[in-house]
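Structure first, commentary second.
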Amino acid sequence: IELAQLAAQGDELDHVVVESSGISEPLPVAETFTFRDGNGISLGDVAKLDSLVTVVDGATFPDELHVMDDLRSRGWEVSEDDERTVSQLLCDQLEFANIIIMNKMDLLEEEERGRLRAILGRFNPTAQLIESAWGRVDPQK
């Protein structure tokens with residue numbers, strides 16, 4: 001595990017960001033912290049999973065949520081038998097996140113912003129919602 005190797009070097013790490021693809025499922029990413037390799041080492045031994053962050057394209061999310069395209073039609077499937085739809089993947093990502101970044105908010109009118117917040121709040125009422133434009137987020141948040 002590369003993170004374990006970094007930790008073993010003795011350099012103090014305050015935070016590490018693990019970025020997975022935009023089409024990944026959050027549960028397997030989180031489970032990576034509990035999996036033990038052949039040497040019995042777990043990522044959870046050297047790092048704590050603090051947050052699962054999902055970035056939502058505020059301009060297209062409402063439309064994508066209602067699309068019934070399957071992941072295969074977009075080349076996003078994880079395996080040959082993956083029969084999920086795009087909207088199912090989006091739901092999985094939202095339900096597991098404890099921070100949701102709503103990007104491209106500068107493209108939305110105030111009413112559309114409110115509607116997006118309401119939708120996301122229904123999917124995950126405990127997640128922190130952060131607005132952004134051009135992917136910029138205050139690191140303090």
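Around VAL16, under 11 Å between beta carbons, what's the net of Lys plus Arg minus Asp minus Glu among the other residues?
Values: positive: LYS48; negative: GLU2, ASP14, GLU19, ASP50.
With Lys, Arg at +1 and Asp, Glu at -1, the net is -3.
Note the angle between two axes, namely the Cα long axis of helix 110-123 and the longest principal axis of the Cα atoms of the chain, as a number of degrees from 0 to 90, rounded to the nearest 10.
That works out to roughly 50 degrees.
Return the distance in nm (one decimal) between the two label points of a simple spin-label model at ASP92 and ARG115, each offset 7 Å from Cα along Cα→Cβ.
That separation, rounded to one decimal, is 2.8 nm.
Return the sequence-ordered ³J(HN,Hα) values of segment 93-104 in whole Hz as given by the Karplus equation 6.51 cos²θ - 1.76 cosθ + 1.60 applied to θ = phi - 60°, using x for Gly and Pro.
Working through the residues one at a time gives 5, 5, 5, 8, 6, 9, 9, 10, 9, 9, 8, 6 Hz.
Rounded to the nearest 500, what is the 222 nm mean residue ellipticity of the chain from helices alone, with -39500 (n - 2.57) per DSSP H run of 4+ residues and division by all residues? Working shown, then result.
Working: 5 runs with 44 residues, N = 141.
Calculated at 222 nm, the ellipticity per residue is -8500 deg cm²/dmol.
Taking chymotrypsin sites (Phe, Trp or Tyr not before Pro) as candidate sites, keep only those in a DSSP loop with at most 16 other Cβ atoms within 10 Å, then name the longest stretch of the chain containing none of them.
Values: sites that count: PHE33, PHE35, TRP134.
In short, 36-133.
For ARG84 and GLU12, calculate 0.36 nm times their separation in residues minus their Cα-Cα distance, and state this gained length in nm to one decimal. List each step's numbers first, then the result.
Values: separation 72, 0.36 × 72 = 25.92 nm, distance 4.09 nm.
This chain segment gains 21.8 nm when fully extended.
Check each of the GluC sites (Glu not before Pro) in segment 100-141 and keep only those in coil by DSSP with at most 11 other C-beta atoms within 10 angstrom; list them in order. Spell out each step's value before the answer.
Values: sites: GLU109, GLU110, GLU111, GLU112, GLU131; in loops: GLU109.
Those that pass, being in a loop and sparsely packed, are GLU109.
By how many nm would the segment from PHE35 to GLN140 grow when fully extended, if each residue of separation counts as 0.36 nm and the alpha-carbon distance is taken off? Intermediate results must be reported in sequence, preceding the final value.
Values: separation 105, 0.36 × 105 = 37.80 nm, distance 3.02 nm.
Gain on extension, PHE35 to GLN140, equals 34.8 nm.
From the square roots a ≥ b ≥ c of the eigenvalues of the alpha-carbon gyration tensor of the chain, which class results: rounded (a/c under 1.5), prolate (a/b over b/c), or oblate?
On the way: a/c = 2.55, a/b = 1.44, b/c = 1.77.
Since a/c reaches 1.5 but b/c is at least a/b, the shape of the chain is classed as oblate.
Using a 1.4 angstrom probe on heavy atoms only, work out the carbon and sulfur share of the accessible area of the chain in %. Please list the in-between numbers first.
Working: 4820 of 9660 Å².
C and S atoms contribute 50 percent here.
Loop-only check: which GluC sites (Glu not before Pro) in segment 41-90 are DSSP coil with at most 16 other Cβ within 10 angstrom?
Numbers: sites: GLU64, GLU77, GLU80, GLU83; in loops: GLU77, GLU80, GLU83.
Here the sparse-neighbourhood loop sites are GLU77, GLU80, GLU83.
Could you please report the charge total around CYS91, scoring K, R as +1 and D, E as -1 over all other residues with beta-carbon less than 12 angstrom from its beta-carbon? Walk me through the numbers on the way to the answer.
Values: positive: ARG84, ARG122; negative: GLU25, GLU64, ASP92, GLU95.
Residues near CYS91 contribute -2 overall.
Send over a whole-number figure in Å² for the accessible area per residue of segment 17-141, probe 1.4 Å. Present the calculation step by step, with values, prior to reporting the outcome.
Numbers: 8160 Å² over 125 residues.
Dividing the accessible area of segment 17-141 by its residue count gives 65 Å².
Which stretch or stretches of segment 80-111 have amide N atoms under 19 Å from the point lying 7 Å from ASP70's Cα along the Cα→Cβ direction?
Backbone N within reach: 80-92.
Just add up the charged neighbours of ALA118: K/R +1, D/E -1, any other residue whose Cβ is under 15 Å from the Cβ of ALA118. Walk me through the intermediate numbers first.
Numbers: positive: ARG113, ARG115, ARG117, ARG122; negative: GLU109, GLU110, GLU111, GLU112, GLU131.
The answer is -1.
The values are calculated or read from the model by the stated rules, or taken from the named source; none is laboratory data. Remember, predicted model here, so these are calculated numbers, not experimental data. Every residue, glycine among them, receives a Cβ derived from its backbone with ideal geometry; neighbour counts consider all protein chains shown. Remember, those area values only see protein heavy atoms, side chains included, never the ligands or the DNA or RNA. Shrake-Rupley method; radii C 1.70, N 1.55, O 1.52, S 1.80 Å.
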